[in-house]
Amino acid sequence: MGPFERSFHFLARRRGILPVALAVLLGLAVAGAVQVSLAEDIFALLPADEPRVAETRLALDRYRGLERIVIALEADSEGTLAAAVDEADESLRKLHGVKSVVSRVDRAAQEDFFNEYAGKAPLLFDADLERQLAPRLNRAYFAGQLQRYLDEQAGSEGISVASRFRQDPFGLDELVYQRVAHLNGGFRGRIDGKGRILSDDGRFAVLFVEADFASSDTGRGREFMEELAQALPGNVTCHVIGAHRSSVDNAVVLRRDMHLTIATSIVAITLLFLVVFRSLTPIVLPLLSVGFGFLMALGAQGWLRGELSAITMGFSAVLLGIAVDYSIHLIATFGSESGERPERARAAIAHVGRPAFVAALTTIAAVFMLRFSNFDGLHQLAEMAIAGIAGALVFALLAGPQLLRVAGPKARAAHALRSALQVVSAWRRAVGRGMIVIPLLLTIGLFMFARNVAFDGDVMNLDGKSAQTRESETLVQQAFGQETLSRTLLVSGGDNLEAALRENDLNARVLQRVNIPHEGLSWVLPARSTQRENLARWRSFWSDTRIGSLKTEMAAARAKRPDTGDEIGFSEDMIEQRFAELFAAVRVATPPAELDAGSLKKKPMWALLSSYVSEGERTYVGSTATLEPARVPELRAAATSAIVLNKGGFVARMVQFIQGDLLLMGGLSLTLVVLVLALTFRSARDVLIALVPVAGGMIWTLGLMSLLGISFNIINTLVTVFIAGLGIDYGIFFVQTWRGSKDAPEADRRLSHAGAGVVVAALTTLFGFGSLALANHPALFSVGVTTAIGVSSALLLTLFVVPTLLEMTAPKKPEPDAPARATRDTAVSPEAGNDEA
């Protein structure tokens with residue numbers, strides 16, 4: 001009598017011990033579970049010590065300009081579009097939840113900017129402005145400006161034209177004004193007469209809305225998006241994009257998918273148990289077992305950590321799907337046996353106990369390797385899965401048989417499934433070695449494809465945004481510049497706005513030095529210390545030699561009067577007199593008043609600048625840059641004080657982590673599992689055969705994913721651990737069952753028990769987690785497809801290859817003599833004995 005049978009008899013005699021022990025464990029688990037607080041943060045899954053993750057998280061948390069809602073209105077008529085912008089602006093300002101609306105660079109702000117920045121070129125004279133100005137200081141440019149002056153002075157604005165020409169013939173203020181035209185948060189286009197931001201073709205206008213709640217608040221977000229849709233004009237096409245829109249899309253599709261997949265799973269699993277066991281009562285034990293395990297997992301997290309990622313909890317539930325198999329094997333064996341309930345319960349635990357324990361031990365060993373992952377969320381996932389699997393196993397092996405003594409499927413309830421498996425087994429034996437050759441050739445072929453499976457580290461590809469939102473994003477990108485939504489963000493911080501502006505200026509100089517195009521507040525609002533440095537650069541630039549050379553160039557320029565065609569110019573003596581204001585400005589005898597951020601915040605023009613600033617406990621200023629992902633490391637090395645957020649670089653780094661984790665965890669898990677199996681079986685042959693479902697299943701999964709064009713990502717990478725755990729369990733159940741059989745007929749009978757349990761467990765998994773393949777959400781779909789492929793592969797290899805290898809390579813089981821066989825068959829054969837429950 002084995003230890004599991006002894007525990008069965010002990011608990012049957014002393015019935016009070018098990019309920020008390022379970023009650024104590026449940027009490028401790030509940031006490032820990034109530035301490036758990038859920039954190040809905042995808043960054044909890046990512047490596048916390050990785051600088052790029054920390055920077056991205058900080059940028060998203062602190063630089064709230066990334067969370068603005070972008071509304072693009074589309075119409076064929078520019079007049080219709082202009083009216084729609086005005087209507088939307090008025091409606092949105094009345095909408096509950098709207099903190100601010102920017103629909104235009106309004107006239108007051110533009111005039112305010114022109115007035116404030118007239119003559120301020122010396123304070124903004126950085127390296128970029130110097131490069132723009134230097135090519136203008138020549139005879140050809142001045143001649144062109146002189147011709148323009150002559151052409152325009154005859155018009156109604158002749159006096160103002162003449163004044164502007166004398167004050168600024170080289171367009172110093174114009175260069176400054178041009179900078180503000182680019183401060184639309186990366187949205188390229190043009191500004192109409194009333195400040196509306198339009199696309200170059202005039203078909204789109206854009207508005208920016210800042211909500212007073214975070215995009216992660218999807219409950220409020222759903223209500224807000226519904227109200228926003230009603231507030232927008234109905235005579236134009238409206239495109240709404242941004243973090244809030246994406247979050248709501250994800251929440252909606254997840255809810256719809258979960259309703260579909262849960263309903264599908266419940267119906268399919270219910271039908272499965274009805275068909276196999278002809279009753280629904282067998283489903284209670286697996287639910288109690290996995291429920292007990294999940295509560296133990298939550299309780300352990302409550303006592304160990306206190307905080308749990310909601311995402312981690314969801315995937316720990318997936319891993320706990322492995323644990324449900326132990327009670328399913330118990331029920332399948334119980335339902336296949338004949339006799340009274342207590343005897344069938346004893347036979348079931350005798351058959352299932354040891355292989356279930358070994359399978360759980362190897363699964364826990366494999367899951368423990370998640371502790372070595374680069375992803376912090378997997379560390380917590382490992383803790384939950386280990387506690388949950390252990391709890392489910394304890395319940396299944398100790399409480400399960402005791403419950404089956406009083407309830408459970410009738411005798412031989414699973415006889416139809418066993419009979420079907422015996423037919424399959426007979427066909428398998430008839431095929432003979434073909435059962436090895438065919439899967440082997442298939443494995444070799446799929447291995448060739450498995451090497452090319454893709455790794456996708458872009459979490460945006462797991463975004464459940466609707467097709468409409470994706471289409472809107474594409475249209476906005478095309479209308480306002482392809483780089484609009486995919487530029488590199490640099491965030492500079494400081495204790496106050498002035499300090500943050502200074503850091504931003506220093507990082508802008510880095511961008512200038514490494515020749516990376518950028519835009520930001522350093523163009524129009526540098527820190528005061530930077531303004532003084534720019535003034536010094538201006539004075540150094542405008543040396544007496546340069547001024548003298550410029551006068552010579554100006555005196556050599558000529559233009560023609562539009563009315564007479566006469567050629568006109570200025571002598572060098574007249575240049576100083578006619579352009580006195582210009583030379584006074586370049587010599588800066590009296591420096592212009594410095595730009596003060598505190599004062600500008602009180603003026604209308606702050607609407608142009610505020611989207612680059614985020615103020616809280618610390619102040620952050622953002623700049624955007626356009627560069628190839630390959631240059632991001634160069635930028636990080638140069639701009640050491642900035643937070644650099646680049647989608648391409650982030651994705652590449654996550655891909656490296658995923659690839660590294662697959663190799664590291666796969667290698668460590670395999671090593672530990674082999675060690676456990678070697679200590680258990682003490683036979684290299686048995687260890688290798690037990691590993692066939694997991695090794696072959698993984699190769700088949702990778703190969704088929706490659707053939708179907710399905711990439712690995714941070715989500716379905718976790719599923720490989722799940723598939724590996726199932727494959728190990730399936731192989732162990734068959735090998736351990738074979739080893740525990742005394743002779744060939746008993747081996748055949750016990751393998752049919754094991755096969756029934758494996759089939760029901762695999763189908764339960766397929767109907768449960770494989771149903772996620774019906775989901776529209778990319779993350780859920782990837783989990784479902786990967787699970788379906790992996791579980792199906794492991795099941796086929798377990799049913800056809802493992803028993804064939806056992807029969808071909810194992811020593812022949814002895815054939816019992818007829819009287820002994822008859823005695824044993826009378827006692828345990830499902831074909832004889834009492835058929836009642």
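A single member of Leu679, Leu704 is modelled with pLDDT of 90 or more and assigned to a helix (DSSP H, G or I), and it is Leu704.
Note on the stretch 455-470: among residues that are at pLDDT 80 or above and farther than 13 Å from Ile71 by Cα, the one that is least open to solvent (accessible area, probe 1.4 Å) is Lys465. Note on the stretch 252-299: residues that are among the β-branched types (Val, Ile, Thr) and not in a helix (DSSP H, G or I) amount to 0. Applying the criterion of at least 2 residues that are of a type in the set (A, V, I, L, M) and either modelled with pLDDT of 90 or more or within 27 Å of Ile689 (Cβ to Cβ) (or both) to the helices (runs of 4 or more DSSP H) found wholly in the stretch 778-837 leaves 778-796, 802-809.
Checking Leu485, Leu475, Leu506 one by one, the residue that is within 29 Å of the chain's Cα centre (by Cα), of a type in the set (A, V, I, L, M, F, W, C), at pLDDT 85 or above and open to solvent by 40 Å² or more (accessible area, probe 1.4 Å) is Leu475 and no other.
The set of residues from the stretch 219-231 being open to solvent by 20 Å² or more (accessible area, probe 1.4 Å) and closer than 15 Å to Val70 by Cβ comprises just one member, Ala229. Residues in the stretch 425-438 that are basic (Lys, Arg) and within 20 Å of Ala754 (Cβ to Cβ) were compared, and the one that is surrounded by the fewest Cβ atoms within 10 Å (Cβ to Cβ) is Arg429. Looking across the stretch 363-407, just one residue is among the hydroxyl-bearing types (Ser, Thr, Tyr) and either more than 17 Å from Gly293 (Cα to Cα) or modelled with pLDDT of 85 or more (or both), and that is Ser373. Restricting attention to the stretch 270-283, does a residue exist that is crowded, with 22+ Cβ neighbours inside 10 Å, at pLDDT below 85 and under 32 Å from the mean Cα position of the chain (by Cα)? No, the stretch 270-283 contains no residue that is crowded, with 22+ Cβ neighbours inside 10 Å, at pLDDT below 85 and under 32 Å from the mean Cα position of the chain (by Cα).
The residue list Ser247, Ser265 contains one member that is touching a Gly at 6+ places or on another chain (Cβ under 7 Å), more than 26 Å from Ala390 (Cα to Cα), buried (at least 19 other Cβ atoms within 10 Å of the Cβ) and small (Gly, Ala, Ser), which is Ser247. Exactly one residue out of Leu403, Leu441 is open to solvent by 60 Å² or more (accessible area, probe 1.4 Å), aliphatic (A, V, I, L, M) and within 28 Å of Val694 (Cα to Cα), and it is Leu441.
Only one of the numbered conditions (1) open to solvent by less than 40 Å² (accessible area, probe 1.4 Å); (2) assigned to a helix (DSSP H, G or I); (3) more than 30 Å from Ser623 (Cβ to Cβ) is violated by Asn534, and that is (3). Of all residue pairs spaced 6 or more apart or on separate chains, those with beta-carbon atoms under 8 Å, a first member in the stretch 197-218 that is touching a residue at least 40 places away in the same chain (Cβ under 8 Å) and open to solvent by less than 20 Å² (accessible area, probe 1.4 Å) and a second member that is part of a loop (DSSP other than H, G, I, E, B) and of a type in the set (A, V, I, L, M, F, W, C) are Ile197/Val105; Ile197/Phe187; Val206/Phe187.
Scanning the stretch 80-111 for residues that are part of a helix (DSSP H, G or I), open to solvent by less than 50 Å² (accessible area, probe 1.4 Å) and modelled with pLDDT under 90 gives Ala109, Gln110. Annotation: of all residues in the stretch 317-341 being under 18 Å from Ser265 (Cβ atoms) and among the small types (Gly, Ala, Ser), the one that is modelled with the lowest pLDDT is Ala317. Taking the criterion of being under 20 Å from Val674 (Cβ atoms) and either aromatic (Phe, Trp, Tyr) or assigned to a loop (DSSP other than H, G, I, E, B) (or both), the residues of the stretch 729-753 that qualify are Tyr730, Phe733, Phe734, Trp738. Consider the stretch 444-454 and keep the residues that are crowded, with 17+ Cβ neighbours inside 10 Å and at pLDDT below 90. The one that is nearest to Phe650 (Cα to Cα) is Val453. Only helices (runs of 4 or more DSSP H) whose full extent lies in the stretch 544-649 are considered here, and the ones with at least 1 residues that are under 39 Å from the mean Cα position of the chain (by Cα) and surrounded by 13 or more Cβ atoms within 10 Å (Cβ to Cβ) are 597-600, 606-609, 632-638.
Of the residues in the stretch 676-694, how many are in contact (Cβ under 8 Å) with a residue 24 or more places away in the chain, among the aliphatic types (A, V, I, L, M) and over 20 Å from Val783 (Cβ atoms)? So the count comes out to 6. The test for being within 39 Å of the chain's Cα centre (by Cα), crowded, with 20+ Cβ neighbours inside 10 Å and either within 15 Å of Leu18 (Cα to Cα) or of a type in the set (Gly, Ala, Ser) (or both) holds for Ala392.
Please verify whether Asn184 is modelled with pLDDT under 85 and at negative phi, treating the condition exactly as stated. Spelling it out, Asn184 is indeed modelled with pLDDT under 85 and at negative phi. Take the conditions (1) of a type in the set (Val, Ile, Thr); (2) touching a residue at least 60 places away in the same chain (Cβ under 8 Å); (3) under 29 Å from Tyr117 (Cα atoms); Ile568 misses just one of them, which is (3). Residues that are over 15 Å from Leu207 (Cα atoms), surrounded by fewer than 18 Cβ atoms within 10 Å (Cβ to Cβ) and either among the charged types (D, E, K, R) or modelled with pLDDT of 90 or more (or both) occur in the stretch 53-63; there is at least one. None of Leu726, Leu766 is part of a helix (DSSP H, G or I), open to solvent by less than 30 Å² (accessible area, probe 1.4 Å) and either in contact with a Gly (Cβ under 9 Å, 6 or more places away or on another chain) or farther than 18 Å from Leu662 by Cβ (or both) except Leu726.
The values are calculated or read from the model by the stated rules, or taken from the named source; none is laboratory data. Everything numeric in this text was worked out from a predicted model, so none of it was measured. Quick reminder, even Gly has a Cβ in these numbers, built from the backbone with ideal geometry, and neighbours come from all protein chains shown. Note: accessible area is taken over every heavy atom of the protein model, side chains too, but ligands, DNA and RNA are not part of it. Shrake-Rupley method; radii C 1.70, N 1.55, O 1.52, S 1.80 Å.
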